[in-house]
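The values are calculated or read from the model by the stated rules, or taken from the named source; none is laboratory data. Since we're looking at a predicted model, the values are computed, not measured. Every residue, glycine as well, gets a Cβ built from its backbone with ideal geometry; the counts of neighbours run over all protein chains shown.
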């Protein structure tokens, strides 16, 4: 460390030398005589060289530096004076300067004197340039050998202390002040925390803290006095190992500069066991009333409501409160500063559930000053249930001041020369290392930190005397030390506890952690260790054991009320727990009352105890009622026995008492909740259930004024299905307002209101007055698993504080049961409605399947009827006598085909040709036709939304829907009226859809048709979509109009609803999915031209012979060669065996064994150029997806005319 102190002096000399060199440089450019005078007398080394490296001038100082004469130097090459291993580097330096023509440079190099001594020179070299060429090098140098030696010693010192850091058996690390990231860790830290070194260097110090301690870490970082200032200090933390276990540690740190950044060096000591011992000691002491009263620590006793029950003298003195001032108050309201409320509440919450906690913080005296304290929270447990807390406070003011003073003094005396040693000196343990020397027991010969003086009173020099350390060992512990050596060589490390004799003669306990140090070959060469003073911990453990023996009986009975009484009821002895239970200030005050008249509620209560004595000789767990000092009644569980004298007569009674009031109250609550749950199970009527609940609630609390309010999401109104009130009548449904009931519903939180809170909320504008003013008001939300559906309220118009927090908790449970009952009833209603819809859907599906099947077979017949009728008409003249009859046959067939189309529409098996449509445009184009259809005595109004979305549907079927609905509306208004057609956009989401509806969320286009006709009842509405159902007179309707509309809407992925009441008209609403495609242009119907004939070959596949024969004849008339097949299998065989070209295949869609689609797929593989035309009476196969034809397929609907078949075939062949 001597070299460190000399470094500033060397640096100052270097600065002076630089100033001299600058002065010489100026003088070199002056007159020759001045130059000679300055150069010859200068202490600097001044010389000049040729560009080739030969000396042309050397002053006396330069010659002396290399131990030569000036004359010897002239003409020498400069490399001959430089150490061999540095010559190449020096030569490269001069070459670069000359090559780059750098005017002035600085370079350090080692010279070799005439006696082979090494001299370090720092030189400034200047080029002399003439006509652009370097002609000479001039140099001014200074001997820097001493500075170089200091730097080398510094590097060696740093290496030594880094070795101590890496090998320290206690965890140590360096972290960045700003980022908190680890910069270096030693092996002991890696072992203790379980992280690898690489993992450590990727972490920050907050990563080894439990998550709940991280905010405190940053709080400390923001306040230097708490552990992150610029001076040495120590404190305690909780650390987390990689495996998640928590350690209590005491850390000591010191500021330093690491790689140019402000950092801290930290030593961590595991004090987990010590902390546990300390906490256990405090916990055991807090259970003793004697220790409570005389403890030097401030102690509070707090009940389960976090309210102060008792405080010892030290607490009252510490915080300047008397017990009477704070009894019954909460800790948070008494001594917790506003900024520490969250931390204090968290501590209270943990202890009230049975956890023992420990923390440090600030608390506030009565005069407002803050006290730094260490806090212990110890739960009071009775029957395995926490019933209160002992809060213990240790005033840390003196310790904090001492810590601050120590840190201030440490900062003052810190010097650079002792920097690294100071770090070790401030660690509260002795750090040492020693070589292995079996012949010499001086194990501390190599190094020992100065803390040995603080711990044992000896100086470092004394301690390093031969055998000295061994002589200070307690004689009884020397054998333990000797035996530990064998364990050390076997395991590589040991831990033991030994006693040492201080210089003063006192005995000190030390905990030793020693590790064996090996050389690179694995051979032991020394030991390193840390010795920590554990004297206080040992004393604490001894005191704990003594305390446990002395107060075991007190601890056993202190939480229980204990008394002795005479046969006449006089109390002769009682403990403070019983006095507190009955509300008396002290046990002495309780001794002034009598059990028989002042404590027992009635003579019958005392009689129970006497009967137990007479029957069994003792009373055990007897539940009776007692009176407190204020007259309130509590339930107690009493265990007592009689103490008899020598004559066998009872001298006095001894009893043990538990307050079970809260338990009895909970039992009553459970009974009431059970009654309510049973009512929910057995009662299906909501009003009956609410009446039953009201009766049950009335057994527990005042409920003469009670109501239930339910909120309807769809009407946005609050309804009041149950209302009992002495003053206000039952209100009508009303919107959600800002009364107390609405406030509870909006917030979803239970609420207990008194007149003071009422007035405060009125002033803040949170609620408005509604109904008569209550002295006490209590409301709870009716909550399901997803939301609040209503409110349950009870109120008292006369008595303030009629309800308390327990009542609010009870009523909340009742509210939850009511919500469950309402949800159950709603679920049952939804289930019934769903079952009704399912039955209706199944019935409609059965009818649809029947109708579709009939229509399919009928279409085949009608194809033959209409087809052969047309062929017959072509073969006769216009004046032929049978022409009229054949035309009538054809017209009848076409009407029958129209009927089958309606059946197919209802059954959703018709073939649709969907396109993107503008519904407004279709309505506008049909406007004139619809007005003619309804007649002049009716008014047609269209309300079309301008920016209406588009739909994808078959335009002809949309027109069919409009026609059928308009005709239906016309027939419902025989005397005239108004008919309205309306369109609009609609977005349906989950909040809009009721549980009983099947509408899917999404964007829709709505078509509504309304009339002012006679309307329908509910029974009629349930049947209107069934085929052949009609309310019209016989002969005026087929019963297929609305069934057709229903089928088209469903086949178009839409939804239809009817809204109607007798004599109030009817509205049909159709929801069709909205699409975002660009509207397709309408196809312009080309004028009919004669169908061109063909010569191609057509394969005709049809399983119905009458249809097959007709199609074959028609195609032949138009010039085609026709090859027929009776089904798909035969059609496939023809394709394989037919030798000629097949240009077109016309196939039925639905056929046995092989369908038309399957046949087409096989043909495509055999004859890729063959076109395919499908035909069907309905489609129920893979070619149709939900009733919509893929546009890549060609299709012709049965029944078809000969010309239609020929036209479709020609179009397909000409593509």
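One table, with the values for the structure above:
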| read-out | value |
| --- | --- |
| Considering residues of the range 129-181 that are in a strand (DSSP E or B) and either free of Cβ contacts under 8 Å to residues at least 60 places away in the same chain or out of contact with any strand residue (DSSP E or B) (no Cβ under 8 Å at 6 or more places or on another chain) (or both) only, the residue surrounded by the most Cβ atoms within 10 Å (Cβ to Cβ) | 181 |
| Whichever residue in the range 191-233 is touching a helix residue (DSSP H, G or I) at 6+ places or on another chain (Cβ under 8 Å), over 27 Å from residue 343 (Cα atoms) and surrounded by fewer than 17 Cβ atoms within 10 Å (Cβ to Cβ) and, among such residues, is modelled with the lowest pLDDT | 230 |
| Any hit, the range 661-672, residues being crowded, with 17+ Cβ neighbours inside 10 Å, over 28 Å from residue 580 (Cβ atoms) and modelled with pLDDT under 80 | yes |
| Members of the range 326-362 found to be more than 31 Å from the chain's Cα centre (by Cα), in contact (Cβ under 8 Å) with a residue 40 or more places away in the chain and either over 29 Å from residue 584 (Cα atoms) or surrounded by fewer than 15 Cβ atoms within 10 Å (Cβ to Cβ) (or both), listed by number | none |
| In the range 1001-1023, the residues that are in a strand (DSSP E or B) and either out of contact with any helix residue (DSSP H, G or I) (no Cβ under 7 Å at 6 or more places or on another chain) or on the phi > 0 side of the Ramachandran plot (or both) | 1002, 1003, 1004, 1006, 1008, 1010 |
| Pair list, Cβ < 6 Å and 6+ apart or interchain, from the range 1054-1067 residues that are on the phi > 0 side of the Ramachandran plot and modelled with pLDDT of 85 or more to residues that are surrounded by 15 or more Cβ atoms within 10 Å (Cβ to Cβ) and outside any loop (DSSP other than H, G, I, E, B) | 1065/1011 |
| Filtered residue count, the range 767-785, keeping only those that are farther than 14 Å from residue 745 by Cβ and out of contact with any strand residue (DSSP E or B) (no Cβ under 6 Å at 6 or more places or on another chain) | 6 |
| Failed condition for residue 713, given (1) surrounded by 13 or more Cβ atoms within 10 Å (Cβ to Cβ); (2) touching a residue at least 40 places away in the same chain (Cβ under 8 Å) | (1) |
| Filter result for residue 458 (at pLDDT below 85, over 22 Å from residue 251 (Cβ atoms) and either in contact with a helix residue (DSSP H, G or I) (Cβ under 9 Å, 6 or more places away or on another chain) or surrounded by 14 or more Cβ atoms within 10 Å (Cβ to Cβ) (or both)) | no |
| Of all residues making up the range 696-744, the number that are in contact with a helix residue (DSSP H, G or I) (Cβ under 7 Å, 6 or more places away or on another chain) and farther than 18 Å from residue 823 by Cα | 9 |
| Helices (runs of 4 or more DSSP H) contained entirely in the range 304-397, each with at least 3 residues that are out of contact with any strand residue (DSSP E or B) (no Cβ under 6 Å at 6 or more places or on another chain) | 313-319, 331-334, 341-352 |
| Residue 1167 being in contact with a helix residue (DSSP H, G or I) (Cβ under 7 Å, 6 or more places away or on another chain) and modelled with pLDDT of 90 or more | yes |
| Of all residues making up the range 286-303, the number that are in a helix (DSSP H, G or I) and touching a strand residue (DSSP E or B) at 6+ places or on another chain (Cβ under 8 Å) | 2 |
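Listed here are the residues, each with its yes/no results for (1) part of a strand (DSSP E or B); (2) closer than 21 Å to residue 719 by Cα; (3) in the same structural domain as residue 714 (by TED's automatic domain parsing); (4) touching a residue at least 40 places away in the same chain (Cβ under 8 Å).
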site	(1), (2), (3), (4)
729	no, yes, yes, no
738	no, yes, yes, no
741	no, yes, yes, yes
745	no, yes, yes, yes
771	no, yes, yes, yes
777	yes, yes, yes, no
782	yes, yes, yes, yes
792	yes, yes, yes, yes
803	no, no, yes, yes
